[in-house]
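Some notes on the structure that comes next.
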Amino acid sequence: LSGVPSAKQSLPQLRDFLLVYNRLTELCFRHCISNLNYRLLTGQEEQCLEGCAGKLVHANHRLVRAYVATMPSVLQRRAQQLQELPPGASPQPPAAPGPG
């Protein structure tokens, strides 16, 4: 089972997912829900929530695609920088890729 992540490896990913999910829920709730006097959502609130969540999920997917597309070149540059270091020099921490 070497291809299956351990529980220790999965916990940070689950934590990150839950943080994003909770933030999305909070943002859309604050944006779309205006009346807490009723147990059910109104049609307008439901449409707003679907649109809000859809936009945030779509934006998240675009960011992940950009990250996945950018990381190989960042890692390649980092590997090249490490190869160019003089013997005994300590490497600098990797720079985070900028937006766009």
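The values are calculated or read from the model by the stated rules, or taken from the named source; none is laboratory data. Computed from a predicted structure; not experimentally measured. In this analysis, Cβ positions are derived from the backbone assuming ideal geometry, glycine residues included, and neighbour counts consider all displayed protein chains.
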Being in contact (Cβ under 8 Å) with a residue 12 or more places away in the chain and either in a loop (DSSP other than H, G, I, E, B) or loosely packed, with under 10 Cβ neighbours inside 10 Å (or both) is the filter here, so list the residues in region 20-42 that pass it. ILE33
Test for PHE17: is it among the hydrophobic types (A, V, I, L, M, F, W, C), under 15 Å from the mean Cα position of the chain (by Cα) and surrounded by 10 or more Cβ atoms within 10 Å (Cβ to Cβ): yes
Residue within region 37-47 that is of a type in the set (A, V, I, L, M, F, W, C) and at pLDDT 90 or above present: yes
